[in-house]
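Throughout, read-outs are computed from the coordinates displayed, never taken from laboratory work. Just so it is clear, the structure is predicted and the values come from calculations on it, not from any experiment.
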Amino acid sequence: MKACVFQLNVFFHYYMNLLTYVNYAGVHKMEPTKYYVSDLDASRKKWKIIARLTRLWEVRYDSKNVEPDTLDMILLDEQDNHIQAAVPKNLITHFKDRLHEWRIFTFKHFNVTKTKRKLKPVSNEYMIWFTSFTSITPEEENIAQIAIHKFEIKPLEHLQERSGRNDIVTDVIGLLTGVENTVTDGE
């Protein structure tokens, strides 16, 4: 009887070690250590991305407001994808002094929603919303190869396609080709 119990214990110990090995070996689907902006959607809340904060600004929905309604930013990852992110009014004091333009951060535990903003500064259909569970950790500059900025340059012939659209911000850059004296009537 003792030999049978010993063999059962050995088998159980071997089986538990095998299960542990299978889990760590990646046979079961393991979560990635980080995601990219292109992976983000509204399906989960436990996202983790490494991105550069390229722009940061305060948004006031009413010009009479003294305090900002949201703290908005643009995040850019190493795959050159960017997304708008926002800190709601009740969390601005918690995050404002910790966020700095041009720095790289690890962002964890935030919500991703389809953007419903009237004007989008980037052409991503999603945006990030910070929550009270969101964590941000400054990273060393060499953790990832991330550009300082990204611009969505469109050829001049595509400018007409944006005419009448109020869902994406369009800046127009011109080229000065010459300067002449102005002539007014009566001169």
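In nm, what is the difference between 0.36 nm times the number of residues separating LEU156 and GLU140 and their Cα-Cα distance?
Working it through step by step, the gained length comes to 1.9 nm.
How much length, in nm to one decimal, is gained on full extension between LEU175 and THR131, taken as 0.36 nm per residue of separation minus their Cα-Cα distance?
Extra length available between LEU175 and THR131 comes to 11.5 nm.
Compute the convex hull volume of the Cα atoms of the range 37-143, divide it by the residue count, and report the result per residue in Å³ as a whole number.
Considering the Cα atoms of the range 37-143, their hull volume per residue is 98 Å³.
Please label the shape of the range 55-108 as rounded, prolate or oblate, based on the square roots a ≥ b ≥ c of the eigenvalues of the alpha-carbon gyration tensor (a/c under 1.5 means rounded; beyond that, a/b larger than b/c means prolate, else oblate).
Judged from the Cα gyration tensor, the range 55-108 comes out prolate (a/c at least 1.5, a/b above b/c).
Relative to the present Cα-Cα distance, how much length would full extension add between THR93 and SER63 at 0.36 nm per residue of separation?
So the chain would gain 8.8 nm between THR93 and SER63.
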